[in-house]
Amino acid sequence: MSDKIEITGSDLSDALARRLAQHLQRSGLEIGDPLPTEAELGAVLEVGRQRIREALSVLEAFGIVASRQGARRVWRGFRAADLATRWIGFVDDPEAATRELLEVRHALETSLLPLVIPRLQPSDLTRLRLLSEEMVERALRNESFAELDQQFHRGLLAPMRNAFVDQFLQSFWVVFAAARREEPVEEDPAIAAMHGRIIDAIEAGDTRRAVHELDAHFYGVRNRYPDIDFGTTAALPV
């Protein structure tokens, strides 16, 4: 029996797409910058223009590059939110995806918060406080504060300087918006106010209470959507 591994044309295309993506990422392109020409890329990677064109099509399907009518493709980078936007269109049950992502968010944010708190600057806390207050004001007017909620949670973890975490959080709101598109949620001022209590605890230097308040916030979010089955959860410690 032969141990030889067959490499198909598809394997070669995927491998080239990865090489091309890595090359573009390392080349110093900024978001929106035009890509080098197909001929230039082919010369660097030592392949023909047709294969470069096929690899670019793969990257375009993932939102890593974007085409423009009558102009060269542009670099969009590795944006998980873009991938989530494409992925959610093929998901049969967006609410199930929301539930699963929320469970990951819950575990991720509560575990990272103790690492983040020492890195938060007074200016960070001021901005987070303003966001929490505006969320309460919008909730009292029964206006959506989802955008502010996203800014708050991304801002809370921003001192980690972890691009993957930030992209994951963006992806959650893409999926969340798709799941709730047809059913606007009545905003709850009590949920909005929980953000302020997280900041209260951080400013008081009480990391344990800050984690508890964040934990309570996630349970509050779960209770806010009774139509989504989040499963059985343990009672919060006091």
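No lab work stands behind these numbers, since they all come straight from the coordinates. Quantities reported herein were computed from a predicted structural model and do not represent experimental measurements. Because the Cβ atoms are built from the backbone with ideal geometry, glycine has one as well, and the counts that use them run over all protein chains shown.
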Ranked output for segments 112-124, 187-199, 45-57 by mean other Cβ atoms within 10 Å, highest leading, reads 187-199, 45-57, 112-124
For the pair L45 and R119, the simple spin-label estimate (label points 7 Å beyond Cα toward Cβ) gives in nm 3.3
Residue separation between F62 and F78 times 0.36 nm, minus their alpha-carbon distance, gives in nm 4.9 nm
At R0 = 45 Å the Cβ-Cβ FRET efficiency linking D33 and R208, nearest 0.05, sits at 0.50
Contour minus Cα-Cα span, R154 to E186, at 0.36 nm per residue, comes to 9.2 nm
Honestly the stretch 9-78 on the Cα gyration tensor test (a ≥ b ≥ c root eigenvalues; a/c under 1.5 rounded, otherwise a/b vs b/c for prolate or oblate) is just rounded
